[in-house]
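The values are calculated or read from the model by the stated rules, or taken from the named source; none is laboratory data. Every value quoted in this text rests on a predicted model; they were computed, and no experiment measured them. No Cβ is skipped: glycine too gets one built from the backbone with ideal geometry, and neighbour counts run over all protein chains shown.
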Amino acid sequence: MKQRKRSEIAVKDTWDLESIYKSVDDFNKDYRVLEQEIGEFSKYKGHLLDSAKTLLEFLETSDKLERILYKLYYYAHLNFDVDTTNSKSLELSERVSRLMTTYSNALTFVDPELLHGDYNLVNSYILELDDLKKYKFNLEKLYRFKEHTLSEKEESILSTLGISLSAPESIYESLTDSDLTFGHITVDGERHEFTESNYSNFIENDNRDVRKRAFKLLFKTYEKYSHTIADTFRYNIEVQSRLASLRHFSSSLEASLYRDNIETSVYNNLIKTVRNNLNVLYDYYDLKKEVLKLDELHLYDIYANMVSEVDKSYTFVEAKNIVLEALSVLGDDYNKKLNMAFDNRYIDIYNNKGKRGGAYSSGFYDTNPFILLNFEGKYNDVTTLAHELGHSMHSLYSHEANPYNTSSYEIFVAEVASTVNELILIKYLIKKTNVKAEKLYLLNKLLELYKGTIFRQTMFAEFEKNMAESHENGVVLTSDYLKDEYYKLVCDYFGPNVKCDRLIENEWMRIPHFYYNFYVYKYAIGLSAASKIVHDIETLGDAGVKRYIEFLKTGGSMYPSEELKVCDVDVSKSDFIKDAIKTFQDTIEEFRKIYRK
């Protein structure tokens, strides 16, 4: 099908960016205002803590100008993302990018100056001026870093080394995104270029020989670059370890978790809990082996679909109605907000020439929480709609309930709201259908979600932690060492009934998240938390919904772990992870029972 031009998409199917600025002229007015007022920050340099009044004046000025900046940013970036071929949108985006750099440079003095001040003085200012109370949590978060902040000169040196310190990630991305080539693979007599991005098409193929050849081609290619990738991986760990040591953290793991105020025990507890329940994952692979009718289940078989794709398509109106009906359990106010998203054109629905791929929810305090889709009518498009609406509803509740400075929630909790919607939708669809093939397809989707998010991401989290600790204990992370350690871990997680093909030792090389510094554990925690929330909504009814809505309203007013406690999720404990694994186990049994009928 020929791709439509942006001008050929009906206005009702596009998002309404005029709600941000009616015209480019209005955009330019704010742009000029901000250009002129950025210079005002200089008068506060060296005087931020002169008085309570001065501190408040600076913080309010900063909020005011930052809100203008982000309004400009979202107008430019949202316009550009729906048509990257539009030179006018590109120009706006580049202008805002330059302005953001200027704005950031104008404020480089702020954190060092505050952190080298006395927090007791700041607290006295907060007691002195009621209007400063709304900034109490922001200031508290900042001053937590006081003992981990170096002298002004040392911080300046580290700042100038920023690009160099991020070199391992940049080199890895350049190698794997641009230079790494895999050749071709032939399927059913047709020759295809083989890439990292289309690997899933071949490893999920019903033909076992295709899966096996794709597996070998991918990992033998990575093996050729194992020494280079081992070097980038090792240097990244070295950078994070040195920075952690310089800033007086006991480990790079502690340094990474510090911003969210998460104890390393949370990370370790996740790994311990999942490891203690690997028998459930082994049962899943036994089920897969049975359904695929294989004598042996190899690692190149684990992504083969147990159930064929359901041949079903949806119009956007049908998808909208399904999502609205499924999420009606979240109450009248939530559904009122959902309808606002459809009625007020928060959503850019269809693909067009030049539109950015994928999907996201994007916006901030002074805009609508807009959603970009590339809707094609498949089942995954319906779940994507529910997922992104979860983010947008989270933003709406956060923005309504909080002042600007505490309205933005952290990434740690961001995926919880979207996953809650996904789980509610898929469970709704499972209950609604009586068609065996469709029910099995949906149950399989649920199984894949739990397996891939809780178990696989925890395996990655354990590998990253083990390698960081090995490095900090003086072990040299050679290519052979990394391969051997990863292979042992894979064998543990897949269990005795899966043939762990040796080539899997190269898989760690293709995981970009290892350069995001202890990030992946958030996925496993997020799904486990969402699973607990959905279970409470199912069993407690209105009381469960009320708790969940209160969680959505917290925004950035608390640390993430405290926000999750609002809906009875304590990340320091194991119960909610065990409950999620129990849901996974129950789903295995439900699938097995229906399949064997």
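For the range 448-470, filtered to residues that are aliphatic (A, V, I, L, M) and under 20 Å from the mean Cα position of the chain (by Cα), the residue that is surrounded by the fewest Cβ atoms within 10 Å (Cβ to Cβ) is LEU449. Farther than 20 Å from MET509 by Cβ, assigned to a loop (DSSP other than H, G, I, E, B) and in contact (Cβ under 8 Å) with a residue 24 or more places away in the chain - does that describe any residue in the range 226-242? No - not one qualifying residue is present in the range 226-242. Residues of the range 302-323 include none that is closer than 30 Å to ASN138 by Cβ, out of contact with any helix residue (DSSP H, G or I) (no Cβ under 8 Å at 6 or more places or on another chain), surrounded by fewer than 19 Cβ atoms within 10 Å (Cβ to Cβ) and hydroxyl-bearing (Ser, Thr, Tyr). Please verify whether LEU218 is at pLDDT 95 or above and either outside any helix (DSSP H, G or I) or closer than 30 Å to PHE58 by Cβ (or both), treating the condition exactly as stated. Here the answer is no, as LEU218 does not meet what is asked. All conditions in (1) more than 20 Å from LEU372 (Cβ to Cβ); (2) in a helix (DSSP H, G or I); (3) aliphatic (A, V, I, L, M) hold for ALA76, with the sole exception of (1). Of the residues LYS71, LYS134, LYS45, only one is among the basic types (Lys, Arg), crowded, with 16+ Cβ neighbours inside 10 Å and in contact with an Asp or Glu (Cβ under 8 Å, 6 or more places away or on another chain); which? Of LYS71, LYS134, LYS45, the one residue that is among the basic types (Lys, Arg), crowded, with 16+ Cβ neighbours inside 10 Å and in contact with an Asp or Glu (Cβ under 8 Å, 6 or more places away or on another chain) is LYS71. The set of residues in the range 359-390 that are under 22 Å from ARG4 (Cα atoms) and in contact with a strand residue (DSSP E or B) (Cβ under 7 Å, 6 or more places away or on another chain) comprises ALA359, TYR360, PHE370, ILE371, LEU372, LEU373. The residue that is farthest from the chain's Cα centre (by Cα), counting only those in the range 147-185 that are within 29 Å of TYR258 (Cβ to Cβ) and outside any helix (DSSP H, G or I), is SER151.
When we screen CYS491, CYS500 for residues that are touching a strand residue (DSSP E or B) at 6+ places or on another chain (Cβ under 9 Å) and either touching a residue at least 24 places away in the same chain (Cβ under 8 Å) or farther than 24 Å from LEU281 by Cβ (or both), the only hit is CYS500.
Mind listing whichever residues of the range 7-35 are surrounded by fewer than 16 Cβ atoms within 10 Å (Cβ to Cβ), more than 16 Å from LYS71 (Cβ to Cβ) and out of contact with any helix residue (DSSP H, G or I) (no Cβ under 9 Å at 6 or more places or on another chain)? Listed by number, the residues that qualify are SER7, GLU8, ALA10, VAL11, LYS12. Just to be sure before I move on: is ASP111 touching a Leu at 6+ places or on another chain (Cβ under 8 Å) and not hydroxyl-bearing (Ser, Thr, Tyr) in the structure I sent? Taking the combined requirement at face value, the residue satisfies it.
Of all residues in the range 334-391, those that are part of a loop (DSSP other than H, G, I, E, B), farther than 15 Å from ASN321 by Cα, in contact with a Phe, Trp or Tyr (Cβ under 8 Å, 6 or more places away or on another chain) and among the small types (Gly, Ala, Ser) total 1. Here is the figure for the range 324-366: residues that are among the acidic types (Asp, Glu), surrounded by fewer than 18 Cβ atoms within 10 Å (Cβ to Cβ) and more than 19 Å from LYS432 (Cβ to Cβ) total 4. Name the residue that is surrounded by the most Cβ atoms within 10 Å (Cβ to Cβ), counting only residues in the range 476-503 that are of a type in the set (A, V, I, L, M, F, W, C) and closer than 13 Å to PHE233 by Cβ. Once the filter is applied, the top-ranked residue is LEU482. Of the residues making up the range 395-442, those that are within 24 Å of the chain's Cα centre (by Cα) and in a helix (DSSP H, G or I) number 28.
Residues in the range 249-263 that are farther than 14 Å from TYR516 by Cβ and either touching a Phe, Trp or Tyr at 6+ places or on another chain (Cβ under 8 Å) or at pLDDT below 95 (or both): PHE249, TYR258, ASN261, ILE262. Any residue at all in the range 186-202 that's in a helix (DSSP H, G or I), surrounded by 14 or more Cβ atoms within 10 Å (Cβ to Cβ) and touching a helix residue (DSSP H, G or I) at 6+ places or on another chain (Cβ under 7 Å)? Yes, there is a match, as at least one residue in the range 186-202 is in a helix (DSSP H, G or I), surrounded by 14 or more Cβ atoms within 10 Å (Cβ to Cβ) and touching a helix residue (DSSP H, G or I) at 6+ places or on another chain (Cβ under 7 Å). Just a yes or no: is a residue in the range 399-417 charged (D, E, K, R), modelled with pLDDT of 95 or more, surrounded by fewer than 24 Cβ atoms within 10 Å (Cβ to Cβ) and farther than 21 Å from TYR523 by Cα? Scanning the range 399-417, I find at least one residue that is charged (D, E, K, R), modelled with pLDDT of 95 or more, surrounded by fewer than 24 Cβ atoms within 10 Å (Cβ to Cβ) and farther than 21 Å from TYR523 by Cα, so the answer is yes. The number of residues in the range 167-184 that are over 17 Å from PHE219 (Cβ atoms), surrounded by fewer than 17 Cβ atoms within 10 Å (Cβ to Cβ), touching a residue at least 40 places away in the same chain (Cβ under 8 Å) and not acidic (Asp, Glu) comes to 1. One residue stands out in the range 488-520 among those that are more than 21 Å from THR273 (Cα to Cα) and of a type in the set (Phe, Trp, Tyr): the one that is modelled with the highest pLDDT, namely TRP508.
Residue count for the range 186-216, restricted to those that are without any contact (Cβ under 8 Å) to a residue 40 or more places away in the chain and within 29 Å of the chain's Cα centre (by Cα): 7. If you go through the range 341-372 and keep only what is in contact with a helix residue (DSSP H, G or I) (Cβ under 8 Å, 6 or more places away or on another chain), free of Cβ contacts under 8 Å to residues at least 60 places away in the same chain and under 22 Å from TYR21 (Cα atoms), you end up with ALA341, PHE342, TYR360, SER361, PRO369.
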